[in-house]
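Contents: one structure, followed by commentary.
The values are calculated or read from the model by the stated rules, or taken from the named source; none is laboratory data. As the structure is a computational prediction, the values presented were derived from the model and not from experiment. For neighbour counting, all protein chains shown are included, and Cβ atoms are generated from backbone atoms with ideal geometry for every residue, glycine included. Accessible surface areas use protein heavy atoms only, side chains included; no ligands, DNA or RNA. Shrake-Rupley method; radii C 1.70, N 1.55, O 1.52, S 1.80 Å.
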Amino acid sequence: ATFSNKTDALNAGFTIAHCGPCGQCSNWQDLRLQYTTRTYLAKESFRCSKKSLVYGASAVHKCLQEEPIGFSDSCARCWTEDILCARRNCAFIFLQSNMINTVSNFEVGSDTITSATCEEAMCEWVFVPCSGANRRRMNITSMIARPGDQQCGIVDVDWEEIFGEGNVLGFGREEEGSKDEM
């Protein structure tokens, strides 16, 4: 559910899972993946993005749905569109990064220009409304180092408690070789 402010959500008996309106990645499966893939999602989505150069959008979409990522179909579509947007708009910065060996530099500062900051400037205005939830909006610290003011501070969900190694609720655990459905 989407609320206009934190007070309305709390008064209705909800907790804040992420800032902003819900979208295609605001379901339990994709919320779990945003947390559990936080240490490698940027690198794995970059690996998927390279498939667009030879095999096109459908290969990127398929890659985002497969292990080790595993996004739902609709969430993977948002990510695919974002990757294609970044390819169209940030190719020069990407090539420059390759030449100076900083393509995997995920440090994002307020005055840093990287492939990541280019993507944010050129593509996030479409990606964020499509996806709804993302790590920054869920207040999840990932391998993309961001200033604290770029994280959503009103989230009142403890993702480690829900989806982490020692979670007490059982969400995200593998049992008998298959993943729990949420």
> In this structure, is Val103 at pLDDT below 70, over 20 Å from Tyr55 (Cα atoms) and surrounded by fewer than 17 Cβ atoms within 10 Å (Cβ to Cβ)?
Replying inline: yes
>> Name the single residue that is least open to solvent (accessible area, probe 1.4 Å) among those in region 106-133 being modelled with pLDDT of 85 or more and aliphatic (A, V, I, L, M).
In response: Ala133
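Yes or no, residue by residue, for (1) in a helix (DSSP H, G or I); (2) aliphatic (A, V, I, L, M); (3) over 18 Å from Ser26 (Cα atoms); (4) modelled with pLDDT under 95:
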residue	(1), (2), (3), (4)
Leu64	yes, yes, no, no
Cys75	yes, no, no, no
Cys85	yes, no, yes, no
Asn89	yes, no, yes, yes
Leu95	yes, yes, yes, yes
> Taking only pairs six or more apart or across chains, which ones have beta-carbon atoms under 9 Å, a first residue in region 147-162 that is more than 15 Å from Gln34 (Cβ to Cβ), and a second residue that is open to solvent by 40 Å² or more (accessible area, probe 1.4 Å) and in a helix (DSSP H, G or I)?
Replying inline: Ile154/Lys6; Asp156/Lys6; Asp156/Leu10
>> Take Leu169 and tell me if it is in contact with an Asp or Glu (Cβ under 8 Å, 6 or more places away or on another chain), modelled with pLDDT under 85 and open to solvent by 50 Å² or more (accessible area, probe 1.4 Å).
In response: yes
> If you go through region 7-43 one residue at a time, how many are open to solvent by 40 Å² or more (accessible area, probe 1.4 Å), in a helix (DSSP H, G or I), touching a residue at least 12 places away in the same chain (Cβ under 8 Å) and more than 15 Å from Asn139 (Cα to Cα)?
Replying inline: 3
>> Out of the residues in region 44-57 meeting the condition of being under 19 Å from Met143 (Cα atoms) and not charged (D, E, K, R), tell me which one is most open to solvent (accessible area, probe 1.4 Å).
In response: Phe46
>> I want to confirm something. Restricting to region 134-146 and keeping residues that are within 12 Å of Tyr35 (Cβ to Cβ) and not aliphatic (A, V, I, L, M), which single residue is surrounded by the fewest Cβ atoms within 10 Å (Cβ to Cβ)?
In response: Thr141
